[in-house]
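Notes follow the structure.
The values are calculated or read from the model by the stated rules, or taken from the named source; none is laboratory data. What you see is a predicted model, and the numbers here were worked out from it, not measured in a lab. Here the Cβ positions follow ideal geometry from the backbone for every residue, glycine too, while neighbour counts run over all protein chains shown. Heavy atoms of the whole protein, side chains included, go into the accessibility calculation; ligands, DNA and RNA do not. Shrake-Rupley method; radii C 1.70, N 1.55, O 1.52, S 1.80 Å.
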Amino acid sequence: MSEALIQVSHLKKYFQVPKHKDLFVRAVDDVSFDIPEGEIVGVVGESGCGKSTLGRCIMHLTDVTSGSVTYKGKDISGIGRKEMKEYRRHMQMVFQNPYSSFNPRHTIGGTLMDVTKEYGMNKKEGQERIVDLVGQIGLDPVVLARRPSELSGGQLQRLAVARALIVNPSFILADEAVSALDVSVQAQILNMIMDLRQEYHLTMMFISHDLTVVEHVSDEVVIMYLGKVMEKGKAVELFDNPLHPYTEALMSAKPREKPDQETNRIILNGDVPNAINVPPYCRFCTRCRDFIPGVCDKVAPQLKQVSGDHWVACHKICPA
Ligand SMILES: Nc1ncnc2c1ncn2[C@@H]1O[C@H](COP(=O)(O)OP(=O)(O)OP(=O)(O)O)[C@@H](O)[C@H]1O
Ligand SMILES: [Mg+2]
């Protein structure tokens, strides 16, 4: 197995509720997983489960409450801004809205040249690098003379990926990078990312609320619910044999591949508990079809290894 490029250990990020000293949103609550070198780890879960906060903690864009994030064995969760600048070179991000990666008043070429300058390339090196990359993402260099508003969302998202690749990073975190695009453009961008991944030997964390997208790209998958990891493991294993009732429900909601295919859609009943008052027992139990009274509403399930790399936090699967 490949070594972990990034290790997330017992990571917590709590946000204090304004005017309530003792109330916190537990956005990320004791999350641990590895991102092995050269692999893509997909992080999935419903809106508000803490995916972006987890990503921001890994990228050191926000302080962590406790726990650690290591990059090549070095704890980067507590380092200063100056030292982090060096790590930024190796760790880049692609966001959902590509317009946020480009200055609306600058040409695309101008913004990309600024990035090359920031990382110490001279004008000639910068221009060569940009033209190379634009070719690799399948666009004509004429796009460099345009402003963001003169490009489609798909073209701009390709360029956002190119922007992240300028400095030859080891790691890219993509947060809902294709969610705003229509399905055919999504597929093109995902295929492009898969090609570039080979070429650049990239390690990635791919955040999405869409399981189909994550299935398409990931080697490993982490399923999150209200700040906690519910299940994690190799993508092939997890998609073939989902164990957590939450993962099963997410999978049952995937669109059918063929119109005549049967679906056994699991409807998630009940309410998502308030992220401020998360219960001290299983967070999913209010919506779980396998709820065991007296167990699931009493004790928080620990994430336990069920086989090889497959881990699940569920009393039904791993009784105490
Ligand atoms: N700066 C902040 N201050 C207070 N609460 C925050 C802050 N950022 C996020 N939260 C809260 O933390 C929780 C997790 O939010 P986060 O944005 O990480 O979820 P997400 O899984 O990325 O959701 P989405 O799929 O909608 O992007 C939410 O309850 C959110 O309201
Ligand atoms: Mg998010």
Which residues, counting only those in the range 93-109, are assigned to a helix (DSSP H, G or I), farther than 29 Å from Ser47 by Cβ and not hydrophobic (A, V, I, L, M, F, W, C)?
Gly109
Test for Gln16: is it part of a strand (DSSP E or B) and away from ligand 1 (no atom under 16 Å from the Cβ):
no
Close pairs from the range 226-240: first in contact (Cβ under 8 Å) with a residue 12 or more places away in the chain and among the aliphatic types (A, V, I, L, M), partner away from ligand 2 (no atom under 16 Å from the Cβ) and open to solvent by 40 Å² or more (accessible area, probe 1.4 Å), Cβ under 7 Å, at least 6 apart:
Val229/Leu303; Ala235/Glu215; Ala235/Asp219
All but one of (1) within 16 Å of ligand 1 (Cβ to nearest atom); (2) on the phi < 0 side of the Ramachandran plot; (3) over 17 Å from the mean Cα position of the chain (by Cα); (4) open to solvent by 60 Å² or more (accessible area, probe 1.4 Å) hold for Gln96, so report the exception by its number.
(3)
Looking at the range 198-225 only, could you name the residues that are away from ligand 1 (no atom under 16 Å from the Cβ), touching a residue at least 24 places away in the same chain (Cβ under 8 Å) and open to solvent by 30 Å² or more (accessible area, probe 1.4 Å)?
Glu199, Tyr200, His201, Glu215, His216, Asp219
Looking at (1) surrounded by fewer than 18 Cβ atoms within 10 Å (Cβ to Cβ); (2) farther than 18 Å from Gly154 by Cβ; (3) away from ligand 2 (no atom under 16 Å from the Cβ), which one does Ile166 not meet, given that it meets all the others?
(1)
Going through the range 176-202 in order, the residues found to be among the β-branched types (Val, Ile, Thr) and touching a helix residue (DSSP H, G or I) at 6+ places or on another chain (Cβ under 8 Å) are Val178, Val185, Ile189, Ile193
For the range 86-97, check the following and say yes or no: at least one residue is farther than 30 Å from Ala145 by Cβ and without any contact (Cβ under 8 Å) to a residue 24 or more places away in the chain.
yes
Can Leu238 be described as among the aliphatic types (A, V, I, L, M) and farther than 17 Å from Lys51 by Cα?
yes
Here the residues within the range 25-42 that are within 15 Å of ligand 1 (Cβ to nearest atom) and either on the phi > 0 side of the Ramachandran plot or among the aromatic types (Phe, Trp, Tyr) (or both) are Asp30
Say we look at the range 43-88 and pick out the residues that are within 15 Å of ligand 1 (Cβ to nearest atom) and part of a strand (DSSP E or B); which of these is surrounded by the most Cβ atoms within 10 Å (Cβ to Cβ)?
Val43
